[in-house]
Amino acid sequence: MADAHNAFVTEETIEGDDTGPLVGSTVAVKDNISTEGVRTTCGSDMLADYVPPYDATVVSRLKEAGATVVGKTNMDEFGMGTTTETSAFGATTNPVDDERVPGGSSGGSAAAVAAGQADYALGSDTGGSVRCPAAFCGVVGIKPTYGLVSRYGLVAYANSLEQIGPLASTVEGAAELLDVIAGPDAHDATTREEGADSDYASAANGDVDGLTIGVPTELLEGADDEVRRVFEDALDAYRDAGAEVEEVSLPSVEYGVAAYYVIAMSEASSNLARFDGVRYGESGGFEGNWNESFAETRAENLGDEVKRRILLGTYALSAGYHDKYYEQAQEARAWVRQDFEEAFESVDVLATPTMPVLPPKLGESVDDPLRMYLMDANTVPVNLANLPAISVPAGESTEGLPVGLQLVGPKFGEEQIIDAAALLG
Ligand code: GLN
């Protein structure tokens, strides 16, 4: 099938086992998830020719479940972006409207599902990268609780924040894929026992009678009118089905974007140090001492957004500034976590618009980093608190653009959010 939206960096079929729940199903895999023998570029020139010698745990699990992997999907370089425009392999376009971005950073994965090029896809979500493209492309995406899914073989961007998550056209489909990839892994010490015997797919019933849904007022304030209208209509559907909707307050989320970007960039500056042209990455054959060669290979092979983040992250961690930025951000993170915990004492799940805006046109936001970062206001607090969340299509704007509703659950509360999301999709 022609790749009209540039959803794939590499189209290559990897056959799974002959038996298992995913026999006959196709899965597209984000290009920062290692596939043995198939190049894994992270959307970067730095890894344009990198072929991993092993499979990520999630890929082994897909194969054992009988899935056919159909290729590696396009993404913002190293996961850094909200539009899939920072990829060294060109932007992916939104199958709903070709002039618009598909969201990011897992834009290729969402576009592949929306365009019918794969039944399912895997993305990674550090600050919204599964939920954002799911919302912009009109599909379903889940960001699991930290520790539910193994990160072994996921190329790290900000390891304390990220999880691999499933995308599909229905809630049940995404839940089925989550069943396959979830559960502890000896290769990733941050995985937990919870989820070992999961049956998320059978939780997708849309049974919300008696459910209490909290709406954090702070995360509704900045949303576009159209987004807000579709969101309010969806809340009415929940009320009609027997749920109770109440306002809650999460005062700390005002600092969510700032804390997220300080932490994500700090971790990135350390994680990306391995791309030096010696251990990993294009060497470019530069001569001179190691420092010069390291600088040249990175100057040549990394994109502007990645460089910006390495520089800012290095700055935030440097002696003298560490207390002022990194530690402050960690304190804000603890406050966000505590705010969510308190909210879940009185409500079962939280609901917000996934993205406060409709999918922007290509080129509109990528040159304005601050504007791009602010688009993540509703998704990043969930990563700071290590909680599970799902984005489900809630309806369309008057122009016919998809709007996503995000449901956030308590730790390992995947079944609850899957059940509730199934009312809409
Ligand atoms: N847009 C956010 C960022 O650029 C989230 C990216 C992600 O989840 N990988 O960091």
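Of the candidates Y326, Y373, Y321, the single residue that is over 16 Å from V140 (Cβ atoms), more than 20 Å from the chain's Cα centre (by Cα) and in contact (Cβ under 8 Å) with a residue 12 or more places away in the chain is Y326.
Each row is one residue, and each column tells you yes or no for (1) touching a strand residue (DSSP E or B) at 6+ places or on another chain (Cβ under 6 Å); (2) farther than 23 Å from L358 by Cα.
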position	(1), (2)
G153	no, yes
S160	no, yes
G165	yes, no
L177	yes, yes
L211	no, yes
L219	yes, no
V230	yes, no
A237	no, no
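The requirement of being assigned to a loop (DSSP other than H, G, I, E, B), of a type in the set (S, T, N, Q), over 12 Å from G153 (Cβ atoms) and in contact (Cβ under 8 Å) with a residue 24 or more places away in the chain is satisfied by T19.
Being in contact with a His (Cβ under 7 Å, 6 or more places away or on another chain) and under 14 Å from K30 (Cα atoms) is a property that holds for T92. Cβ-Cβ contacts under 8 Å between residues 6 or more apart (or on different chains), taken from a first residue in the stretch 143-170 that is of a type in the set (F, W, Y) to a second residue that is surrounded by 23 or more Cβ atoms within 10 Å (Cβ to Cβ) and in a strand (DSSP E or B), are listed as Y146/Q163; Y157/S124. Listed here are the helices (runs of 4 or more DSSP H) enclosed by the stretch 247-353 that have at least 2 residues being among the basic types (K, R) and modelled with pLDDT under 95, and there are none. Consider V27 carefully, then state whether it is assigned to a strand (DSSP E or B) and under 17 Å from the mean Cα position of the chain (by Cα). So V27 fits the description; yes. Please tell me if L362 is of a type outside the set (V, I, T), in contact (Cβ under 8 Å) with a residue 12 or more places away in the chain and touching a Phe, Trp or Tyr at 6+ places or on another chain (Cβ under 7 Å). The answer is no for L362. Scanning the stretch 134-152 for residues that are of a type outside the set (G, A, S) and closer than 21 Å to D419 by Cα turns up V139, V140, I142, K143, P144, T145, Y146, L148, V149.
Selection of the stretch 218-254 for residues being in contact with a Lys or Arg (Cβ under 9 Å, 6 or more places away or on another chain) and within 27 Å of A316 (Cα to Cα) yields only S252.
Selection over the stretch 234-266 of residues that are of a type in the set (A, V, I, L, M, F, W, C) and within 16 Å of the ligand (Cβ to nearest atom) gives a count of 8. Filtering the stretch 115-144 to residues that are among the hydrophobic types (A, V, I, L, M, F, W, C) and either under 14 Å from A175 (Cα atoms) or buried (at least 24 other Cβ atoms within 10 Å of the Cβ) (or both) leaves A118, A121, L122, V130, C132, A134, A135, F136, C137, V139, V140, I142.
The helices (runs of 4 or more DSSP H) falling completely within the stretch 355-425 that include 2 or more residues that are surrounded by fewer than 21 Cβ atoms within 10 Å (Cβ to Cβ), on the phi < 0 side of the Ramachandran plot and within 16 Å of the ligand (Cβ to nearest atom) map to 369-374.
Do you know which residues across the stretch 59-106 are within 13 Å of the ligand (Cβ to nearest atom) and assigned to a helix (DSSP H, G or I)? Those that are within 13 Å of the ligand (Cβ to nearest atom) and assigned to a helix (DSSP H, G or I): E77, F78, G79. How about the stretch 136-161: which of its residues are within 14 Å of the ligand (Cβ to nearest atom) and under 18 Å from N74 (Cβ atoms)? Across the stretch 136-161, the qualifying residues are F136, G141, L154, V155, Y157.
The values are calculated or read from the model by the stated rules, or taken from the named source; none is laboratory data. Keep in mind it's a predicted model, so treat the numbers as computed, not measured. Virtual Cβ from ideal backbone geometry, glycine too; neighbours counted across all protein chains shown.
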